[in-house]
Amino acid sequence: MEKVTEIKAACAAVVAVLTALWGWFGWLVVLFVGCMIADYLTGSAAAMRNGEWSSQTARAGIWHKAGAIVVVLVAGAADLLIGMIIENIPGITLPFEYTVLICPIVVVWYILTELGSIVENAVELGAPCPPWLARILEITRDAVDTAGEFTGSGEEKHEDH
C-alpha cells in the first residue's frame, strides 16, 4: 500500500511541475499522456473482450505511442528553436510575441486522435455512444489540421466535409 502512495505522490508531483512550468500547455501534456494511457487500456480491454489480444499487437501499440511522444518532442524542439532564433537573431521579428505554436497544435491533434480511438474502443466494449460524438471529434481534428496547414503554408486550406 505504501508503494501505491509513493506512485500517487510521484504522479501528483509530475503534474504539478508540468502545470506550474507550462501553465495551460502543461495541462495539455497531462491530458495527452492520460489519453494515451486510456486508449491503450481500453484498446487492450476491447481486444481481450473479442478474444483478439496478443502481446505482439500490444507491443506495437506501445511503439506507436512512443512514436507519438517523439513527434511531440520534435514539435517542442522546433518551437524552442524558432523562439531562440526570433529572440537572438537581429532582423527576424514577428508581429507578436512567440512562445509556442507548433507543439500545442500537435498535442491537441494527438489528443483528438486518442479521444476518437477511446470512443471506438468503448463501443467495442459494448458501451452505447452518441452517434455524433465521434463525428465532432473528427471535425475538430480536421479543424486542427487546417490550422496547422494554414500556419505552415501561409495559405488557407478549404475542404468540404
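Each reported figure results from applying straightforward, stated rules to the coordinates on display, with no laboratory input. Everything numeric in this text was worked out from a predicted model, so none of it was measured. When we count neighbours, we look across all protein chains shown, and the Cβ atoms used for this are built from the backbone with ideal geometry, even at glycine.
Show me 66-75, 122-131, 104-113, 140-149 ranked by packing, highest mean number of other Cβ atoms within 10 Å first.
Top to bottom by mean Cβ count within 10 Å: 104-113, 140-149, 66-75, 122-131.
Would you please give the FRET efficiency between Trp132 and Tyr98, computed as 1/(1 + (r/R0)^6) with r the Cβ-Cβ distance and R0 = 35 Å, to the nearest 0.05?
Step by step, r from the Cβ atoms, then E = 0.45.
Give the label of the value calculated from the structure for Cα extents along the principal axes in Å, choosing from (i) 62, 49, 37; (ii) 61, 51, 28; (iii) 90, 34, 21.
Only one listed value fits the structure, namely (ii).
Using a 7 Å offset from the Cα along the Cα-to-Cβ direction at both Val123 and Leu21, what is the distance between the two label points in nm, to one decimal?
3.8 nm
Identify which of Gly43, Gly76, Gly51 has the largest mean-square fluctuation in a Gaussian network model of the chain, with springs joining Cα atoms closer than 10 Å.
Gly51
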